[in-house]
Amino acid sequence: MRQLALAVALLAVPAGLAVAASFDARGLARFDVGYARCEARFETMRGQRDQAYLAVYRVKPDAAALQRLAVLRRGADYQKERRRALAAAPAQPASGAASSPLDHQCQALRAEIGRARPALR
């Protein structure tokens with residue numbers, strides 16, 4: 001339930017604040033761990049991690065934004081938080097109840113990717 005609340009809260013961030021807050025190594029690490037769980041559950045989400053992250057924060061998915069994400073992922077803060085998030089993530093089977101909090105989070109992310117698609121063209 002907490003993950004769903006976080007996903008909803010991220011979607012409610014005002015656009016001006018979203019850009020400033022979007023390139024946070026610790027937040028990116030937690031997002032990546034959650035997104036990996038969605039990728040394991042939904043084949044259609046594979047390979048769209050960066051686009052999903054940028055769509056949630058309403059950041060244009062240009063080369064500069066993608067480069068900033070790559071630089072953050074190589075940093076020590078990201079690696080430390082990723083290890084922490086992986087250790088804290090509950091071990092769940094890939095197939096669970098259709099109304100699980102993870103399912104809701106994944107559906108919200110899929111919707112954001114869909115909204116961002118016209119901007120990707």
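The values are calculated or read from the model by the stated rules, or taken from the named source; none is laboratory data. All values derive from a computational prediction rather than experimental measurement. Cβ atoms come from the backbone with ideal geometry, glycine included; neighbour counts cover every protein chain shown.
Here is a check on your reading of the model: is Leu6 modelled with pLDDT under 90, closer than 19 Å to Ala111 by Cα, out of contact with any Phe, Trp or Tyr (no Cβ under 7 Å at 6 or more places or on another chain) and surrounded by 12 or more Cβ atoms within 10 Å (Cβ to Cβ)?
Details: modelled with pLDDT under 90: yes; closer than 19 Å to Ala111 by Cα: yes; out of contact with any Phe, Trp or Tyr (no Cβ under 7 Å at 6 or more places or on another chain): yes; surrounded by 12 or more Cβ atoms within 10 Å (Cβ to Cβ): yes.
Yes; evaluated as a whole, the condition is true for this residue.
Contact annotation: residue pairs with Cβ atoms under 9 Å, 6 or more positions apart or on different chains, pairing a residue in the range 70-88 that is more than 11 Å from Arg30 (Cα to Cα) with a partner that is surrounded by 12 or more Cβ atoms within 10 Å (Cβ to Cβ) and of a type in the set (D, E, K, R), are Ala70/Asp50; Leu72/Asp24; Arg73/Asp32; Arg73/Arg82; Asp77/Asp24; Asp77/Arg26.
Which residue, of Ala108, Ala76, Ala91, Ala12, is modelled with pLDDT of 95 or more, among the small types (Gly, Ala, Ser) and either out of contact with any strand residue (DSSP E or B) (no Cβ under 6 Å at 6 or more places or on another chain) or buried (at least 17 other Cβ atoms within 10 Å of the Cβ) (or both)?
Matching residue, one of Ala108, Ala76, Ala91, Ala12: Ala76.
For the range 37-47, the candidate set comprises residues that are touching a residue at least 12 places away in the same chain (Cβ under 8 Å) and farther than 14 Å from Ala108 by Cβ; within that set, the residue that is surrounded by the fewest Cβ atoms within 10 Å (Cβ to Cβ) is Thr44.
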